[in-house]
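Asks: Have a look at the structure that comes next, please.
The values are calculated or read from the model by the stated rules, or taken from the named source; none is laboratory data. Bear in mind that the values here come from a model prediction, so they are computed numbers and not experimental data. Cβ placement follows ideal geometry from the backbone for every residue including glycine, while neighbour counts extend to all protein chains displayed. Side chains are part of the model used for accessible areas, which takes the heavy atoms of the whole protein and leaves out ligands, DNA and RNA. Shrake-Rupley method; radii C 1.70, N 1.55, O 1.52, S 1.80 Å.
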Amino acid sequence: MSETMTAVVQDSVGGPEVLHLGTVPRPTPGIGEVLVRVRAAGINPADHMNRQRGVFSGPPPFVLGWDVSGEIAAVGPGVTVHRPGDEVFGLLPFPRGAGAYAEFVVAPARALVPKPAVLDHVQAAALPLAGLTAWQALVDTAHVGPGDRVVITGAAGGVGHLAVQIAAHLGADVTAVTSAATLDHVLALGAHRAIDHRSADFATQISDADVVLEVVGEENSLRALRVLRTGGILVVTLPQSLPALAPVAAQLGVRVAGLFVEADRLGMTALADLAAAGALRPTISATYPLADAALAHTGPHAPGKVVLTVA
């Protein structure tokens, strides 16, 4: 195996044009780690944020990408859960563990789980960060159960379209807030009703919700507070918005929680089980080869996820 590999690197922060192919040292797995031969890497809003400002990794140079699907190429000392040749997928440690836009990446062994046979590598790479965000918001934070009235904003996006499926699987009554072009799409995913956010203010259309998963941010989060019943919970994926939301939530008698996704083997196993059972399928809006990472970052793409493929 060569001591070098091809990766998408950036030497400065900025627009998509800063992304380019380069040759870098191939990493070596340490204790409790595995080397993954990358077959596909998902693209998330966090990738765009990091490319633009280095908010998660610090200053460049660095390699983007937290979502990975591929095969185990080598295992480090002490690893018993995977063997070379195993097909796996998962979330690299967020936020400091990026590096999936490459031919190989090192990951903690227990951040990865077996890839279900029903998913190809592109579909599997679309699941980890967005799927875990939805799972950790709905299951671990809001404890959604049968009959709960759940509202999901940005419902055709990466997190949203998976959250709709997870909430529906949990037996919730799901209202999806999305664009006119994707109303039918989110209904097909399991939403019971869909609202076009451009033609109507969802805050005037909904009341007494138990849970809102809010992924859009800014004024949208403040409006979302007003659709909750007393004691209901708003889960936002932009925790930096909490200081502005907390006093309003207190006045309304509702709860608010901010979520940053975490690598989570239990959550990944749950997502894999749902996929294997046919209850969870990522929507792929576009795929690009690794060499076209800059083009893949130009967007916008909807519905669903954009994925890089690695030959």
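Asks: With respect to GLY190, determine if the residue is on the phi > 0 side of the Ramachandran plot, modelled with pLDDT of 95 or more and not aromatic (Phe, Trp, Tyr). Full working, then the answer.
Replies: On the way: on the phi > 0 side of the Ramachandran plot: yes; modelled with pLDDT of 95 or more: yes; not aromatic (Phe, Trp, Tyr): yes.
In short, yes.
Asks: Just to be sure I understand, how many residues within the stretch 120-141 are assigned to a helix (DSSP H, G or I) and either among the charged types (D, E, K, R) or modelled with pLDDT under 95 (or both)?
Replies: Pass one, the stretch 120-141, residues assigned to a helix (DSSP H, G or I): 121-125, 128-141.
Applying the additional criterion that residues be either among the charged types (D, E, K, R) or modelled with pLDDT under 95 (or both) yields 140.
Residues flagged as assigned to a helix (DSSP H, G or I) and either among the charged types (D, E, K, R) or modelled with pLDDT under 95 (or both) within the stretch 120-141 amount to 1.
Asks: Separate question: Out of the residues in the stretch 262-282 that are in a loop (DSSP other than H, G, I, E, B) and open to solvent by less than 40 Å² (accessible area, probe 1.4 Å), which is modelled with the lowest pLDDT?
Replies: Keep residues of the stretch 262-282 that are in a loop (DSSP other than H, G, I, E, B), which gives 262-264, 277-282.
Okay, now just the ones that are also open to solvent by less than 40 Å² (accessible area, probe 1.4 Å), so 264, 279-280, 282.
On the way: ASP264: 94, ALA279: 98, LEU280: 98, PRO282: 98.
The selected residue is ASP264.
Asks: Where residues in the stretch 171-202 are assigned to a loop (DSSP other than H, G, I, E, B), under 24 Å from ARG226 (Cβ atoms) and without any contact (Cβ under 8 Å) to a residue 60 or more places away in the chain, which of them is most open to solvent (accessible area, probe 1.4 Å)? Give the derivation first.
Replies: First pass over the stretch 171-202, keeping only residues assigned to a loop (DSSP other than H, G, I, E, B): 171-172, 179, 190-192, 197-201.
Of the ones still in play, those that are also under 24 Å from ARG226 (Cβ atoms) are 172, 179, 191-192, 197-201.
When the remaining residues are screened for being without any contact (Cβ under 8 Å) to a residue 60 or more places away in the chain, the result is 172, 191-192, 197-201.
Working: ALA172: 4, ALA191: 10, HIS192: 103, HIS197: 86, ARG198: 196, SER199: 93, ALA200: 27, ASP201: 64 Å².
Among them, the one singled out is ARG198.
Asks: Taking into account only those residues within the stretch 41-71 that are at pLDDT 95 or above and of a type in the set (Phe, Trp, Tyr), which is surrounded by the most Cβ atoms within 10 Å (Cβ to Cβ)?
Replies: Among those that are at pLDDT 95 or above and of a type in the set (Phe, Trp, Tyr), it is TRP66.
Asks: Sort through ALA107, ALA74 and tell me the only one that's at pLDDT 95 or above, among the small types (Gly, Ala, Ser) and either part of a loop (DSSP other than H, G, I, E, B) or buried (at least 23 other Cβ atoms within 10 Å of the Cβ) (or both).
Replies: Working: ALA74 fails: either part of a loop (DSSP other than H, G, I, E, B) or buried (at least 23 other Cβ atoms within 10 Å of the Cβ) (or both).
Unique residue meeting the criteria: ALA107.
Asks: Look through LEU266, LEU238 and report the one residue that is more than 22 Å from ARG193 (Cβ to Cβ), in contact with a Gly (Cβ under 6 Å, 6 or more places away or on another chain) and among the hydrophobic types (A, V, I, L, M, F, W, C). If you could, list the steps in order and put the result at the bottom.
Replies: Values: LEU266 fails: in contact with a Gly (Cβ under 6 Å, 6 or more places away or on another chain).
Matching residue, one of LEU266, LEU238: LEU238.
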